[in-house]
Amino acid sequence: MQTGFPLPPGSIIGIFGSGQLGRMLALAAARLGLKTHIFAPTGGDSPAAQVAHSYMQADYNDLNAVKAFADGCDVLTYEFENIPAETALEAARLKPLYPSASCLNVAQDRLTEKKFISEKAGVPVAPFETVENIFDLKRALRRLGGSGVLKTRRFGYDGKGQAILQNETDIENAWEALGAHPVIVEAFIPFIREVSIVCARGVDGRMTAYPLVENVHKNHILHTSTAPAPRDLGHAKTLAQSIMEALDYVGVMATEFFELEDGSLLVNEIAPRVHNSGHWTQDAGCTDQFEQHIRAVAGWPLGSTDPKHGVVMTNLIGEDVNDWQNLAREDNTFLHIYGKKEARAGRKMAHVNRVVP
Ligand code: AMP
């Protein structure tokens, strides 16, 4: 364990990123008497900065600002994975960074991630190939069974930076849209459902897991997470925790899977952070994923992950949030609004957790 750990109440946790995940991490830290310091290019009105102890507005590439920020914190973490590699390395040189810069490096790039998961952790992923040009892509697709999904290696989220390929026209269009970026192509997986699991690993290597969750997407954005998933699959925990062990991971990590007809699982992707499919934990009567992450990075004992009842989490996207008055009247429903100014289409504005008695 690092000297000074566990961090006592009053310590400062530095968080890179100022979105809703940072906001909910800051709120959870405050419950434990820990302070949060936010680093982001956005200003004091961004979701996390609104509720944190303090914030620094600077570009992620500004290494002088990163140094000043790290100097003012006891431990560092992040709420999104697109922090530049040099920033993460500089931060880690100055203060403990959890999850580590190498975990971030693996998760930032779909190719590195899939290779790590399949080759180092020995956990199955969807068959994939890297492609350099449209001829490679056509050949790869034939090997992958004729259909597939083209994905940019970096900066993809909520279905952005990807295209489904089922015929010749799809291939031409997808290559035109995405071919200028480094890409991979994956086999199209005829999954029966999408599930995920949120696990945590402490500085001492101890691990916890919440129950498996069933996820439904709408327009490529997570719509609902039902927890616990109607049919549990015990091997999800084993697979996710093998990846965490292989990464020597510290913090909360989400693993998204495709479930096949025979009950087997393929990892779609990992998120080296708290995750939308773990928001239900806030109203499940156990330690929520945000507090669990704070506990992990501060060297505290991990909390209970045993929900006292089921929860269905629904995201409120864009204008959905305007229904807040009706939602606030619903029984057994807990509303979490992120404090974003503009309800743009496709933007995650809030979520509701409906408790299943
Ligand atoms: P991702 O950004 O990789 O999480 O993909 C977004 C969504 O696209 C997933 O949640 C799936 O619904 C779908 N998808 C991604 N990859 C595949 C695949 N290889 N086969 C079938 N559907 C996929």
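The values are calculated or read from the model by the stated rules, or taken from the named source; none is laboratory data. Quick caveat: nothing in here was measured; it's all calculated off a predicted structure. Note that we place each Cβ from the backbone using ideal geometry, even for glycine, and neighbour counts take in every protein chain shown. The area values use the complete protein model at the heavy-atom level, side chains included, leaving out ligands, DNA and RNA. Shrake-Rupley method; radii C 1.70, N 1.55, O 1.52, S 1.80 Å.
Spacing of the modelled spin labels on GLN325 and GLU261, each 7 Å from Cα toward Cβ, amounts to 5.1 nm.
Each Lys or Arg adds one and each Asp or Glu subtracts one; over the other residues with Cβ under 14 Å from the Cβ of GLU269, this totals +1. Computed from the C-beta positions of LEU89 and TYR157, the FRET efficiency with R₀ = 22 Å rounds to 0.45.
Rank-order 339-345, 52-58 by packing density, defined as the average count of other C-beta atoms within 10 Å over each peptide's residues, highest first.
52-58, 339-345
Estimated from helices alone, the mean residue ellipticity of the chain at 222 nm is -7500 deg cm²/dmol (sum of -39500 (n - 2.57) over DSSP H runs with n ≥ 4, per residue). Region 261-298 and region 321-357 have Cα centres spaced 20 Å apart.
How large, in percent, is the carbon and sulfur part of the accessible surface of region 193-355 at a probe radius of 1.4 Å?
Taking all protein chains in place, region 193-355 shows 47 percent carbon and sulfur surface.
Each Lys or Arg adds one and each Asp or Glu takes one away; over the other residues whose Cβ falls under 15 Å from the Cβ of ALA328, this sums to -3. Averaged over residues, the count of other Cβ atoms within 10 Å places the peptides 121-128, 157-164, 323-330, 15-22 in the sequence 15-22, 121-128, 157-164, 323-330, highest first. FRET efficiency for the pair THR3 and GLN57, taken as 1/(1 + (r/R0)^6) with r the Cβ-Cβ distance and R0 = 30 Å, rounds to 0.45. Between SER304 and GLN166, the distance separating the two model label sites (each 7 Å from Cα on the Cα→Cβ line) works out to 4.8 nm.
A simple spin-label model places pseudo-atoms 7 Å from Cα toward Cβ; at ASP71 and LYS120 they are separated by 3.3 nm.
Taking the centroid of alpha carbons for each part, region 1-52 and region 133-173 are 39 Å apart. Once Lys and Arg get +1 and Asp and Glu get -1 on their Cβ, which of GLY159, ALA70, ALA101 lies farthest toward the positive end of the dipole of region 65-217? Of the options given, the answer is ALA101.
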